[in-house]
Structure formats: structure tokens, C-alpha cells
Amino acid sequence: MFNLPNLLRSSWEPLSQYKDIIPDRLHPLLCETGSLTALLRARCGALHVEVLSEQKCRLEHEVKAILKCDSALCREVVLYCDDIPVVYGQSWIPESANSLGLSNIGSTPLGERLFDQQAWKRGEIEVTKLQKKALPSFLPSKGTLDSDICFARRSVFTRQDSKVLVCEIFLNGVKV
């Protein structure tokens with residue numbers, strides 16, 4: 001598992017601080033407050049999810065403080081548009097979220113579950129820039145990014161007393 005929050009612990013900033021430097025091609029994706037899955041599905045012929053990993057893990061300090069729990073299902077996926085890897089996603093889903101409709105997700109995009117159930121509310125979107133060389137070697141598009149940096153975002157979804165943390169790295173310039 002690629003430990004995204006540890007890598008980026010001090011670099012997340014509110015989306016408003018990045019709006020002027022986000023490339024035009026990524027602006028609609030990074031700024032989307034609704035379902036990224038729905039936006040991607042509308043823009044490409046076929047959207048599919050490759051699940052890289054799903055495992056219960058003990059949370060490190062930052063994620064533990066955000067989710068207010070000690071462990072969660074850590075899920076890593078790559079979203080593909082027309083067989084092109086466009087988003088690497090990592091999410092932390094606590095046990096409390098399972099009873100709220102997030103159990104047994106499989107290859108279903110997490111966004112479909114979060115946005116199909118109107119009760120999940122997205123918190124503030126935070127953004128960071130990553131050096132391409134900092135990306136894990138297993139990402140399928142490591143050699144295809146068209147600049148030395150890429151953008152990532154994260155947000156917390158809340159329903160009742162449960163929180164889910166979702167982080168997304170935008171791998172390729174999806175034409176939106």
C-alpha cells in the first residue's frame with residue numbers, strides 16, 4: 001500500500017489556494033464537488049475500476065485523527081477511461097461506514113456508493129502538487145504523465161458519526 005497521507009502530510013491546502021494554478025484540462029476534475037465517477041463516466045466511452053488492494057489496516061496518526069478511529073479498510077484503485085489510467089484513488093473506510101452502505105464494494109467505484117446515497121456529505125476539498133518522481137512505481141501511468149508534477153485532492157465524507165477519507169491522484173489529462 002502506498003501511504004499517501006504520510007507522503008503529503010504537510011502539503012494539503014484548500015482548493016481555493018490552487019484554483020489559479022490548476023491546468024485548464026484538470027480544473028473540472030479537481031474542482032468537481034459532485035461525483036468524479038459520474039463526471040468521468042459522462043466524458044469517456046467506458047469507465048472501469050481496477051482494485052489494487054483492499055485490506056484492513058491500523059491507521060497512522062493523521063488519518064486516525066481525521067476519521068476518529070483506529071483502523072479502517074484501506075482501498076486502492078485505478079480508474080480507467082477508455083483503458084487509459086486517469087485516477088489513482090486511495091480511501092479509508094471505517095467499520096462504522098459498512099453499516100451505512102459501504103460494505104462489499106468490490107470493483108464498484110466508491111463514488112457511486114457515496115453519491116447514490118444522498119446522506120453522505122463531502123467536506124472541504126484539499127489539493128496538493130506532487131513531483132512525478134514521488135509517485136509509487138506500481139502506478140500504470142508513471143511514464144505517461146505529461147509534466148514533472150501532477151495534482152492530487154482529498155476530502156472527507158461524513159454520514160452520522162462515520163467519516164470516509166478519499167484521496168485521488170490525477171494521472172493523465174482527461175479531456176473534460
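Taking the stretch 129-176 as the search range and keeping residues that are among the small types (Gly, Ala, Ser), modelled with pLDDT of 65 or more and in a loop (DSSP other than H, G, I, E, B), which one is farthest from residue 96 (Cα to Cα)?
We begin by selecting, within the stretch 129-176, every residue among the small types (Gly, Ala, Ser); these are 134, 137, 141, 143, 147, 152, 155, 162, 173.
With the extra rule that they be modelled with pLDDT of 65 or more, the set shrinks to 134, 137, 147, 152, 155, 162.
With the extra rule that they be in a loop (DSSP other than H, G, I, E, B), the set shrinks to 137, 147.
Details: 137: 32, 147: 39 Å.
That would be 147.
Within the stretch 78-111, being surrounded by 20 or more Cβ atoms within 10 Å (Cβ to Cβ), part of a helix (DSSP H, G or I) and among the hydrophobic types (A, V, I, L, M, F, W, C) holds for 97, 102, 110.
If you scan the stretch 40-65, which residues turn out to be closer than 18 Å to residue 158 by Cβ, surrounded by 14 or more Cβ atoms within 10 Å (Cβ to Cβ), of a type outside the set (Lys, Arg) and over 15 Å from the mean Cα position of the chain (by Cα)? Talk me through it step by step, then tell me what you get.
Kept after step one, since they are closer than 18 Å to residue 158 by Cβ, are these residues of the stretch 40-65: 59, 62-65.
Filter once more, so that each one left must be surrounded by 14 or more Cβ atoms within 10 Å (Cβ to Cβ): 59, 62-64.
Applying the additional criterion that residues be of a type outside the set (Lys, Arg) yields 59, 62-63.
Result: 59, 62.
Within the stretch 97-122, residues that are within 17 Å of residue 51 (Cβ to Cβ) have Cβ atoms under 6 Å from residues that are assigned to a loop (DSSP other than H, G, I, E, B) and open to solvent by less than 30 Å² (accessible area, probe 1.4 Å) in these pairs: 111/35; 114/120, counting only partners at least 6 apart in sequence or on another chain.
The values are calculated or read from the model by the stated rules, or taken from the named source; none is laboratory data. Treat the numbers as computed from the prediction; the structure is a model and nothing was measured. With ideal geometry, Cβ positions are generated from the backbone for all residues, glycine too; neighbour counts draw on all protein chains shown. Note: accessible area is taken over every heavy atom of the protein model, side chains too, but ligands, DNA and RNA are not part of it. Shrake-Rupley method; radii C 1.70, N 1.55, O 1.52, S 1.80 Å.
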